[in-house]
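One structure is given below, encoded as structure tokens.
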Amino acid sequence: MRRDETSFAPAGTREGDGPPPAAAPCDAAHLDPGQNFGALTCELHGNDLLVNAADHAPRMIVPRHVHENAYLCVVVAGGFELETRTRVACPPGSVVAYPAGGPHANRFGEVQGRCVNLHFGASWMRDAALREWLADFRHAPLGEQAPGVRRLAREMAARDGAAALAITAAAIELVAEAMRAPVPHATPGAIRRVIDLLEADLANAPSLAGLAREAGLHPSHLARSFRAALGETIGEYVRRRRVEQSLRALARPELSLAEIAAEAGFADQAHFGRVFKRHFGTTPGARRREMQVASHRATGVQDRPGELH
């Protein structure tokens, strides 16, 4: 076991010192396993686990970066806004999973922040459930009074020879608590808002990250909530609604099938045709001919050879 008073990495910038670096992943700083931004006030090693406590000044901006290893951050004080594919508020009591190689940035609030970071060694990562849970960004808002959060903070302050063992036990308890925490779901109002955004411009639908920002959820949570509510994914919904809207365009003889495909938001006519047939059981050309025949019959015009192609 070892306790250090040194910092692994630069402490970041304060708000007003300039914006964070560009968002492109290739511009993101790379941190080695066990490294974190902030002033590290404590570091412990034991049982294939590295745990450190990092303090962050008010309004500190941690620039966009990636970690070589997956790890868990426990927000003990202060809180910050996490920016990944979307923005998520992480108040005290939050447990945040960071995947290996996942670009992100942090902006701390108006008060001093403190994070306890858990870096798991190879023996921990052999656990399939933990490995899967750390494979994507996750936010578990357990709350400051959650038993696992309180116990970890208490053990980090201990100064006896059992600290490493006690912190390992506290880490196990906290990880289990975070993994069992209920996943936040979108409310009916949030789902309705997402549908309205999609319907406003189906040909140029917003990205999942943009929709998640509007719903106030992590993208993966929104994706699961949408599918649970509508029985189809967001992508499936958009493709279905595009081909449904294309039926009106098929009734306009001046538009070619390629033009209809482009207007509906498909990359090309072939993709449009595949999705259309999967949904309606026939091709766009065949459906157009059916519509023309029905239109002629409705107006009393007799079909003439060579008229339909």
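Taking other C-beta atoms within 10 Å as the exposure proxy, PHE266, PHE137, PHE276 rank PHE137, PHE266, PHE276 from fewest upward. In the stretch 138-261, Cα pairs under 8 Å separated by at least six residues give a relative contact order of 18 percent.
Rounded to 0.05, the FRET efficiency of the ALA203 and GLU81 pair, given R0 = 41 Å and the Cβ-Cβ distance, is 0.80.
Computed over neighbours whose Cβ is under 12 Å from that of GLU232, the net charge equals +3, Lys and Arg +1, Asp and Glu -1. Among HIS67, HIS45, HIS30, sorting on how many other beta-carbon atoms sit within 10 Å of each Cβ, with the fewest leading, yields HIS30, HIS45, HIS67.
Each Cα pair under 8 Å and six or more residues apart adds its separation to the average, and for the chain the resulting relative contact order is 12 percent.
Within the listed set GLU199, GLU290, GLU259, the residue fluctuating most in the Gaussian network model of the chain (springs between alpha-carbon atoms under 10 angstrom) is GLU290. Here the simple spin-label model places points 7 Å from the Cα toward Cβ, and for ALA262 and ALA100 these points are separated by 4.5 nm. Given their separation in residues at 0.36 nm each and the Cα-Cα distance between them, MET125 and GLN145 gain 4.4 nm when the chain is fully extended.
Dipole orientation for the stretch 13-180: of the candidates GLY121, ALA70, ALA57, ALA57 has the Cα lying most toward the positive pole (charges on Cβ; Lys, Arg +1; Asp, Glu -1). To the nearest 0.05, what FRET efficiency results for ASP48 and VAL111 with a Förster distance of 25 Å applied to their C-beta separation? Working from the Cβ atoms, E equals 0.15.
Can you list which of the DSSP-assigned H helices in the chain have a Cα extent of 20 Å or more along the long axis and an average Kyte-Doolittle score of at least 1.0? Working shown, then result.
Details: long enough: 163-180 (25 Å, 1.38); 234-250 (24 Å, -0.78); 284-298 (21 Å, -1.30).
Both cut-offs are met by 163-180.
Straightening the chain between GLU244 and GLU214 buys 8.3 nm, computed as 0.36 nm per residue apart minus the Cα-Cα spacing.
On full extension, the segment bounded by MET291 and MET179 gains 34.9 nm, given 0.36 nm per residue less the C-alpha separation.
Could you please rank SER246, SER256, placing first whichever residue has the fewest other Cβ atoms within 10 Å of its Cβ?
So the ranking, lowest neighbour count to highest, is SER256, SER246.
Per residue, the chain reaches -12000 deg cm²/dmol at 222 nm when only DSSP H runs of four or more residues are counted, each adding -39500 (n - 2.57).
Going through [x] 26.7, 96; [y] 34.9, 136; [z] 39.2, 158, the figure that equals Rg and Dmax of the Cα atoms in Å as computed for the structure here is [x].
The simple Förster model, with R0 at 45 Å and r as the Cβ-Cβ distance, assigns ARG227 and THR41 a FRET efficiency of 0.55.
No value in this document is a laboratory result; all are computed from the given coordinates. If you're wondering where the values come from, they're calculated on a predicted model, not measured in any experiment. For neighbour counting, all protein chains shown are included, and Cβ atoms are generated from backbone atoms with ideal geometry for every residue, glycine included.
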